Amino acid sequence: MMELLALVLAYAGFVALALAMNRHHRQVWNGEASEHTRILLRIAGAAGLASAFALCIRYAGWSVGPVLMLGLLSAAGIAVVLLLTFRPRIAFASGVVAVLFAGVMSGYALVTNGIAKAPILQKLQFHHWPAERTQPQEQPEKVL
Amino acid sequence: MKDGFRQSMAWLHTWTGLLLGWVLFFIFLTGTAGYFDTEIDRWMRPEFPPPASQVQTVKMLERAVERLQAKAPNAERWRVSLPTDHGVVGLNVSWRGSGHDAAAANGSEQLDQNSGEPLKPRATGGGQLLYRMHYRLHYLPTTISYWLVGIAAMFMLVAILTGIIVHRKFFVDFFTFRQRKGQRSWLDAHNVLAVMALPFHVMITYSGLIFFAYLYMAPVIAATYGFGENSQRLYFDELEGRLARPARANTQVPLTPLAPLIAEAEAQWGEGRVRSLEILYPGDSQAQVSISQTPSGPLRRTATMVFNGVSGALIEVKPAIRSTPKAIRDTLLGLHEGLFAGPVLRWLYFLSGSIGTAMIATGLVLWTVKRREKLKRTGEPSFGLLLVERLNIGTVVGLPIAIAAYFWANRLIPAGVEGRAAWEAHAMFIAWTGMLLHPIFRPVQRAWIEQCWLATAVFGLLPMLNALTTNRHLAASLAQGDWVLAGFDLTMLAFGAAFGCTAWMLSRRARDRVTRHETLLSFAACKNAEPAE
Amino acid sequence: MTRHATSVCQRVSAAIFGGYALAAVFSTFFSYILPTSRAEAAMSGLLLSFAVYAATILCAFGARSISRMWTGMILLTAGFGLLAILLKLARGP
């Protein structure tokens with residue numbers, strides 16, 4: 001489940017970054033983005049990717065986490081390219097849905113595991129670093 | 001050479017990519033399939049029992065050692081590999097002899113996890129053979145294969161580096177794919193596939209070279225250790241720290257009970273985290289038991305506990321990282337193999353490999369499209385262009401068909417046939433040869449469409465063949481929650497669907513082209529007819 | 001042969017053979033200067049060698065003039081080779 005959450009965040013991040021580019025902005029809305037919108041979209045995109053990365057590191061550790069992140073980026077990137085090619089109009093909406101979905105998943109984690117175990121709070125605890133997890137694959141099940 | 005650095009790099013990119021492009025396609029496709037080697041193994045041995053529901057490590061090891069005791073009591077070394085590692089199918093035991101008839105005294109067996117009885121499945125190369133083909137090829141001698149694959153990998157490395165240099169708009173075109181624009185679309189697809197998995201492409205290529213670096217760059221080792229097989233063995237022994245090995249005492253002493261040793265290792269690493277067990281000089285008073293941990297990350301060398309084989313006392317714990325350069329190498333190799341990957345990451349590996357395969361395919365097609373577009377103005381295609389076009393069809397669609405033929409052969413060749421496993425592979429290469437020959441006799445456009453339809457059929461019907469020849473059909477495996485077998489059948493259906501879509505799209509486009517052509521012709525005919533009226 | 005073909009032939013052979021020689025010689029030199037154990041040093045040399053090889057191939061095709069390319073490649077290979085031999089001699093058999 002953690003991987004799905006990270007994938008969704010990476011996807012939303014890539015959508016935002018794509019929409020910050022004039023070519024793709026035009027595909028979705030008519031006309032070019034203002035400087036202001038572009039910066040906002042870039043920040044949103046960076047935030048999406050950064051939170052996906054933090055999640056990967058938090059749950060898979062520093063040895064597997066980056067590998068997982070790169071794999072998820074490839075998947076999300078291809079998905080965004082396909083979307084912009086075949087259904088550009090719904091690109092922004094799909095990004096919003098992705099963020100909402102991520103929010104619901106995190107909320108679910110909050111409710112079922114208590115606030116302290118929520119991924120958003122736990123991922124900040126970098127004092128685990130760089131300790132290896134003994135059972136990285138089983139970790140996500142417990143939390144999400 | 002040509003004027004300008006970028007132009008020379010573009011030239012280099014084109015030719016390094018093209019020259020061994022088909023070999024690289026073969027390597028990437030079989031290697032990508034190899035990420036699911038054990039899953040394919042299971043599908044190709046349907047008579048295997050489904051994986052045991054969590055047999056205890058100790059029980060499995062004790063059964064394995066019993067079997068080894070019966071099979072090879074005087075061996076120099078025993079090895080037991082547990083199915084905790086992705087590269088291992090079932091419970092494996094192997095033994096190595098010593099002295100003059102060492103080769104004769106080597107052997108291995110696959111055991112039932114529950115009973116410890118040796119398994120006798122149909123003879124098949126399985127997923128392992130498919131996976132091995134990506135670096136060992138087939139039919140060729142080992143060393144020649146390694147060299148060929150190494151040269152191809154070096155071409156790939158150069159193609160990747162020049163590709164990055166040549167790609168003008170790395171970030172601007174990051175998400176760009178412009179469809180139905182001929183050459184432009186192929187270039188976009190090639191770029192997107194390259195960029196989206198660039199770290200994977202670089203990693204897989206460089207680490208692929210590192211696997212056989214000792215062979216490709218033998219002079220570097222020879223400069224320190226001298227030439228010859230023995231000096232290379234010395235180098236590996238030094239690197240792995242294998243020099244301090246006790247000598248055999250030749251006094252019969254029973255082996256220490258293994259359960260406490262496993263318990264000690266599992267207490268240290270966690271339950272089910274033992275990957276393998278090695279016993280040096282079993283039954284001798286100098287016996288040693290080494291227990292290795294399952295890797296939890298890309299570093300494929302893991303910690304090992306060495307015990308005295310008689311008293312059971314812990315002699316030493318060898319850490320996973322014993323030296324930096326070796327750790328870098330082990331990490332690169334571990335990243336390449338991806339044995340540490342759980343189901344999700346495994347699929348991502350498979351996806352990245354597929355992206356790489358598709359990148360090579362689009363590059364090969366792009367080469368022909370570019371030249372066809374030029375030809376629109378200046379007539380006759382060259383022999384080279386015709387050849388590349390045909391090789392592309394026979395490889396890009398033909399090789400997947402050949403792999404499907406390998407799976408078909410697995411179900412269709414009767415169990416008792418002499419050389420059954422070899423004939424599975426023959427079927428694959430016969431099918432590939434057929435697919436390479438077929439485009440010679442057909443127009444290019446038609447050949448693409450026909451092979452795509454054939455691929456649709458062979459992949460789409462594979463689950464049906466499975467249902468007809470075994471009792472492990474899709475519905476049964478879904479009902480049992482056997483996701484390995486169900487996953488295989490579903491993936492084959494997905495491939496069939498993908499090829500079907502491609503075939504349908506291609507034939508629709510071909511028809512459009514014909515209709516447009518006919519409309520133009522009739523229009524011209526009308527115009528010509530008019531004055532006569 | 002046309003001038004273009006000669007140029008391509010020279011660069012291809014320089015890249016494949018010259019590049020291999022330079023990569024092997026440089027990696028050997030590199031493994032000699034490392035202070036680690038000799039097995040680790042040789043491993044480091046192997047790890048680096050393909051990067052050197054690839055870089056040399058790019059240079060062989062990217063260089064403006066063929067004569068400059070040959071001079072550079074031969075000088076570098078000979079230089080590192082000489083240094084490696086001296087190091088080997090200084091360290092003894």
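Please give the peptides B:195-207, B:425-437 ranked by average Cβ packing (other Cβ atoms within 10 Å per residue), highest first, as a rough proxy for protection.
On the way: B:195-207: 22.1, B:425-437: 17.9.
Those peptides, ordered most packed to least, come out B:195-207, B:425-437.
According to a simple spin-label model (label point 7 Å from Cα along Cα-to-Cβ), what is the distance in nm between C:A51 and B:K59?
5.0 nm
Rounded, prolate or oblate: pick one for region B:295-425, where a ≥ b ≥ c are the square roots of the eigenvalues of its C-alpha gyration tensor, a/c under 1.5 means rounded, and failing that, prolate if a/b is larger than b/c, else oblate. Show your work: numbers first, answer last.
Details: a/c = 3.78, a/b = 1.86, b/c = 2.04.
Oblate.
Quantify how strongly other chains surround peptide B:206-216 by giving the mean number of their Cβ atoms within 10 Å of each of its Cβ atoms. Mind showing how you got there, number by number?
Numbers: counts 4, 0, 1, 7, 5, 0, 0, 7, 3, 0, 7.
Across the residues of B:206-216, the mean count of other-chain Cβ atoms within 10 Å is 3.
First measure r as the distance between the Cβ atoms of A:I43 and A:F101, then evaluate 1/(1 + (r/R0)^6) with R0 = 25 Å and state the FRET efficiency to the nearest 0.05. Can you show the working numbers first?
Details: r = 20 Å, r/R0 = 0.82.
For A:I43 and A:F101, the calculated efficiency is 0.75.
Take a quick pass over chain B and tell me how many lysine pairs come in under 17 angstrom between Cα atoms, counting only ones 8 or more apart or on separate chains. Display every interim value, and only then the final one.
Details: B:K71/B:K120; B:K181/B:K370; B:K181/B:K374; B:K181/B:K376; B:K318/B:K326.
Lysine pairs satisfying the spacing and distance rule in chain B number 5.
Does anyone have the angle between helix B:420-437 and the longest principal axis of chain B? Alpha-carbon axes, 0 to 90°, nearest 10?
20 degrees
Could you give the dipole magnitude of the protein assembly as shown about its Cα centre, charging the beta-carbon of Lys and Arg +1 and that of Asp and Glu -1, in debye to the nearest 20? Kindly include the intermediate steps, with their values, before the conclusion.
Numbers: 70 positive and 46 negative charges, 514 e Å.
In debye, rounded to 20, the protein assembly as shown gives about 2460.
Per-residue mean of other chain beta-carbon atoms within 10 angstrom of the beta-carbon, peptide B:170-176? Could the numbers behind the result be given before it?
On the way: counts 0, 2, 3, 2, 8, 18, 7.
If you average over the peptide's residues, the count of other-chain Cβ atoms is 6.
Which whole-angstrom value gives the distance between the alpha carbon centres of region B:321-355 and region B:130-199?
19 Å
Which is the longest stretch in chain B that no exposed loop site breaks, taking sites as trypsin sites (Lys or Arg not before Pro) with a DSSP loop state and at most 11 other Cβ atoms within 10 Å?
On the way: sites that count: B:R168, B:K169, B:R180, B:K181, B:R242.
The longest such stretch corresponds to B:243-533.
If amide hydrogens are placed 1.01 Å from N in the peptide plane, which non-local residues have theirs closer than 5 Å to the one on B:I315?
For B:I315, whose amide H was placed from the backbone, the distant partners under 5 Å are B:V306, B:F307, B:N308.
Based only on other Cβ atoms within 10 Å, what is the fewest-to-most ordering of B:H336, C:H4?
On the way: B:H336 20, C:H4 10.
Arranged by neighbour count, lowest to highest, B:H336, C:H4 become C:H4, B:H336.
I need the shape label for region B:166-315. Rule: rounded when a/c is under 1.5, else prolate if a/b > b/c, else oblate, with a, b, c from the alpha carbon gyration tensor. Walk me through the intermediate numbers first.
Values: a/c = 4.94, a/b = 2.08, b/c = 2.38.
Oblate.
Quick one: if the Förster radius is 41 Å, what FRET efficiency do B:D512 and A:L110 give, using the C-beta to C-beta distance and rounding to 0.05?
Values: r = 54 Å, r/R0 = 1.31.
E(calc), rounded to 0.05, equals 0.15.
Go ahead and estimate [θ] at 222 nm for chain B from helices alone: -39,500 (n - 2.57) per DSSP H run with n ≥ 4, summed, over the residue count, rounded to 500. Mind showing how you got there, number by number?
On the way: 21 runs with 323 residues, N = 533.
Computed ellipticity for chain B at 222 nm equals -20000 deg cm²/dmol.
With everything on Cα atoms, drop me the angle between helix B:142-166 and the longest principal axis of chain B, reported from 0 to 90° to the nearest 10.
50 degrees
What is the average number of partner chain Cβ atoms found within 10 Å of a Cβ in C:15-23? Present the calculation step by step, with values, prior to reporting the outcome.
Numbers: counts 3, 2, 0, 0, 2, 4, 1, 0, 4.
The mean count of partner-chain Cβ atoms within 10 Å per residue comes to 2.
Counting only other residues whose beta carbon sits under 9 Å from that of B:P46, what net charge do I get with K and R as +1, D and E as -1?
On the way: positive: B:R42, B:R45, B:R122, B:R411, B:R472; negative: B:E47.
Local net charge: +4.
Specify the angular offset, from 0 to 90 degrees and rounded to the nearest 10, of the alpha carbon long axis of helix B:21-34 from the longest principal axis of the alpha carbons in chain B.
Roughly 50 degrees, rounded to the nearest 10.
Quick note: the coordinates plus some simple rules give every number you see, no bench work behind them. Please read these numbers as outputs of a predicted model, since none were measured by experiment. Cβ: placed from backbone, ideal geometry, glycine included. Neighbour counts: every protein chain shown.
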